[in-house]
Every structure is written in C-alpha cells, then in structure tokens.
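Encoded as structure tokens, the structure appears first; notes follow it.
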Amino acid sequence: LSALSALRSGAGLVRAATLESNFVPIQTIAPEAICVLWSDAADDLSHYDAVAVGPGLGTGKEAREILRKVLSTYDGPLVIDADGLNTIAGGGFDELISAAKADIIMTPHAAEAARLLGTETGSLSRKELAERITEKYGCVCVSKGSGSVVTAPDGSEYVNSTGNPGMATPGSGDVLTGVI
C-alpha cells in the first residue's frame, strides 16, 4: 500500500526493499514498483530521494538491524511508521535517532504514540502526543486520527480538520506513509 500510494501521489520511481517472498504480492498491487531485496538496497541508500521504513517490517532482530542501518546511514527524508515505530518503542534507538542525519517524520496513531512515550493510551491528547514526540525525537510528528496534528521541531503546528470514517480503515496509515 505504501508503494502504491507513493506511485499514485507522483513519485516517479518507487522501489520496495523487502523479502523475496513479498515480491509477488507487491507486484500484484503495484506492478509499477520495482521490488529489490533489502540486502541489495542497504549497501547504498544515498541514491534514494526518500525512504519509508515500518509497514510490513515486523519487530524482530532483522527489523532492528534494518532500522539501525537506515538511521545510521541515510541522510534524506525518512518516514517511520507502523513496525518501525514499534521497533523504536522497544528501546535502544534514542541515541541513533538523535545522531541521525535524516529528516525524520514519525506517523504514529494513538497507541503507537503512547508506546513511544511510555504512557497509557488515551492519557494525552493527540496534540500533546505529537508535541512530546517532536520534543523527544527532534522530528516532525504526524499524530494520526480524527483531527490529525502535525508538529515540527521549529515549533510549528498544524491540524488537519478534513477526513472521513473511511480513513479509519487498516492500511490507511501505510497509504499515508507512501504519500509523505
């Protein structure tokens, strides 16, 4: 879904770095996307204009290694969503994120945001979640949900008052990742 939405929103070339077992499903939904093995893509991320990490990643040892590699070597726009956020919430990434040269955009829903901050889901407003994530990680945060809040390290904040109930469908966050 991320690859397809990146293509549909105007990206000229989209590569999906993944396991070979994912090639057929990705090529079925987004035949214009180029599937590459993560092991091949990881050697040189410098030729990518933007990178998204998280959707379909998992949270195991390999996911942690991929996230570490991206955070330590990539220096362009980096969107972190889904399992990328859950992997960060598992611990051990704060220093890497602080030292990262990438322009990081995190896109958590309420439960992911609570895990990143070590709080209970529902204990903070969407605005408070976004502000605290931006402060903690020095990144742009898109706190997803009805009235999504976007916060940036320069102190700017935006609220998206548009949307509809169809956006509460599983996978819509992956689509947002591709669009960003």
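A few notes on this one:
- Leu7 vs. criteria open to solvent by less than 80 Å² (accessible area, probe 1.4 Å) and either touching a helix residue (DSSP H, G or I) at 6+ places or on another chain (Cβ under 6 Å) or among the aromatic types (Phe, Trp, Tyr) (or both): no
- Here the stretch 146-170 is the region considered, the condition is being open to solvent by less than 50 Å² (accessible area, probe 1.4 Å) and within 25 Å of Ala102 (Cα to Cα), and the residue that is modelled with the lowest pLDDT is Ser148.
- Of all the numbered requirements in (1) in contact with a Gly (Cβ under 7 Å, 6 or more places away or on another chain); (2) buried (at least 21 other Cβ atoms within 10 Å of the Cβ), Ala50 misses one, and that requirement is (2).
- Some residue of the stretch 56-71 being closer than 20 Å to Ser143 by Cβ and either surrounded by fewer than 15 Cβ atoms within 10 Å (Cβ to Cβ) or out of contact with any Cys (no Cβ under 9 Å at 6 or more places or on another chain) (or both): no
- Lone unmet requirement of (1) open to solvent by 20 Å² or more (accessible area, probe 1.4 Å); (2) at pLDDT 95 or above for Leu19: (2)
- Qualifying positions in the stretch 22-47 - open to solvent by 40 Å² or more (accessible area, probe 1.4 Å) and assigned to a loop (DSSP other than H, G, I, E, B): Pro31, Glu32, Asp43, Asp44, Ser46, His47
- Filter result for Gly173 (at pLDDT below 95 and within 22 Å of Arg64 (Cα to Cα)): yes
- Any chance Gly84 is at pLDDT below 95, open to solvent by less than 40 Å² (accessible area, probe 1.4 Å) and not hydrophobic (A, V, I, L, M, F, W, C): no
- Tally, over the stretch 115-141, of residues that are over 22 Å from Gly92 (Cα atoms) and surrounded by 17 or more Cβ atoms within 10 Å (Cβ to Cβ): 2
The values are calculated or read from the model by the stated rules, or taken from the named source; none is laboratory data. Everything numeric in this text was worked out from a predicted model, so none of it was measured. Glycine also receives a Cβ, built like all others from the backbone with ideal geometry; neighbour counts cover every protein chain displayed. To get the accessible areas, we keep the full protein, side chains included, count just its heavy atoms, and leave off ligands, DNA and RNA. Shrake-Rupley method; radii C 1.70, N 1.55, O 1.52, S 1.80 Å.
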